[in-house]
Amino acid sequence: MDTEESTPQPIEPAKSDQRCGLVALVGRPNVGKSTLLNRLIGYRLSIVSPKPQTTRHRILGIANRGQGQIIYLDTPGIHQAGKSAMNRQLNRVAQQALDEADVVIQVIEAMQWRDEDQQVYQALENIQRPRLLAINKTDTQKSKQELLPFIAKVTGAHAFDEIYLISARRGDGLDRLEQGILKRLPQAEPMFAEDEITDRSERFLAAERVREQLMRLLNQELPYSTTVEIEQYQREGKMLRIGAVIWVEREGQKAIVIGAGGEQLKRIGTAARLQLESLLETKVFLGLFVRVRENWSQQDAALKQFGYTD
Ligand SMILES: Nc1nc2c(ncn2[C@@H]2O[C@H](COP(=O)(O)OP(=O)(O)OP(=O)(O)O)[C@@H](O)[C@H]2O)c(=O)[nH]1
């Protein structure tokens, strides 16, 4: 719980009352963790799509406030681990963020507590750090009144330090959430410089922007068979030249990604280039190539090559 220490004051007072710490955003796939991260840091860092399991990496995003620095960790949705090497890796990344965090926020969707939410809750049960619940997508409800029985049921059966009603899409309830986080962070000096937004490289962010469009524009299961590798990243005067390989698992998938007359690949490239130009604030030339690596998502070596493991 949120209690004040009654132990004697240290002889050396802390240099300042600034706070700094790591906050893990966890939850089942598709509840809105990445949308929430982007809202909280005020920057479109983490990629978002209507499809579950869009996030595959731990994404670190930094928010600087008067009272301190909040370092958010967006994580892949925790889910029933399938047999694939990729599925196991996604759960591993989420678990690592939990191990590091000073505060943990479980994100759920309004009016929904599914088996997978329960599974996430159980993964948090032994964590001896503040656990907050963010009930997201409240904009889908007509009024807060409608949510009251749901909130009573969830809080009756689960132990959270505090509950927040939010809409990541609209930005509702986020000030209160931020205050709740800040007061639970340790007193510490900032870990990152004030102008830093993430610890990820521009190359990584570029690959993610292409992957975002694959998630959005390819149908059904195909996006899950794709990954993106940056081969070229070169400044040429005022322009940035990026060459990216879209890896797929089978020849047939290659044809679909390219599309009739190359139309689909062109759509993906244009959408990703526009996103990159706004993200990096520069003119971008984006060259996309599609290549096959049989069943890459089942192979630990391929996951390593494509940056999914250390
Ligand atoms: N109505 C509504 N939709 C939202 C809100 N927040 C997120 N969404 C939508 O929910 C979908 C999933 O959002 P993400 O942010 O990608 O969810 P995630 O939890 O990071 O998903 P994974 O990558 O699967 O772990 C997207 O279509 C979002 O636009 C919200 O507050 N209200």
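Points worth noting:
- Selection count, the range 257-280, where residues are surrounded by 14 or more Cβ atoms within 10 Å (Cβ to Cβ) and within 24 Å of the chain's Cα centre (by Cα): 11
- Matching entry among Arg58, Arg65, Arg44 (being within 13 Å of Ala168 (Cβ to Cβ) and open to solvent by 10 Å² or more (accessible area, probe 1.4 Å)): Arg44
- Condition check for Leu222: open to solvent by 30 Å² or more (accessible area, probe 1.4 Å) and not assigned by TED's automatic domain parsing to the domain that holds Leu60: no
- Given (1) part of a helix (DSSP H, G or I); (2) open to solvent by 20 Å² or more (accessible area, probe 1.4 Å); (3) in contact (Cβ under 8 Å) with a residue 12 or more places away in the chain, index of the condition Leu205 fails: (2)
- The residue that is modelled with the lowest pLDDT, among those in the range 104-163 that are among the acidic types (Asp, Glu) and within 12 Å of the ligand (Cβ to nearest atom), is Glu116.
- Taking the range 172-199 as the range and being closer than 30 Å to Ala272 by Cα, more than 16 Å from the ligand (Cβ to nearest atom) and either open to solvent by less than 20 Å² (accessible area, probe 1.4 Å) or within 16 Å of the chain's Cα centre (by Cα) (or both) as the test, the residues that pass are Ile197, Asp199.
- Against the criterion of being within 18 Å of Asn87 (Cβ to Cβ) and either basic (Lys, Arg) or within 10 Å of the ligand (Cβ to nearest atom) (or both), Arg19 does not qualify.
- Condition met for Val210 (touching a strand residue (DSSP E or B) at 6+ places or on another chain (Cβ under 7 Å) and part of a helix (DSSP H, G or I)): yes
- Those residues of the range 47-59 which are within 8 Å of the chain's Cα centre (by Cα) and within 7 Å of the ligand (Cβ to nearest atom), in sequence order: Thr55
- Residue pairs whose Cβ atoms lie under 8 Å apart, separated by 6 or more positions or on different chains, with the first residue in the range 169-180 and assigned by TED's automatic domain parsing to the domain that holds Ile41 and charged (D, E, K, R) and the second open to solvent by less than 90 Å² (accessible area, probe 1.4 Å) and away from the ligand (no atom under 15 Å from the Cβ), are Glu178/Ala63; Glu178/Arg65; Glu178/Ile70.
The values are calculated or read from the model by the stated rules, or taken from the named source; none is laboratory data. Note that the structure is predicted; figures quoted are calculated from it, not measured. Every residue, glycine among them, receives a Cβ derived from its backbone with ideal geometry; neighbour counts consider all protein chains shown. Accessible surface areas use protein heavy atoms only, side chains included; no ligands, DNA or RNA. Shrake-Rupley method; radii C 1.70, N 1.55, O 1.52, S 1.80 Å.
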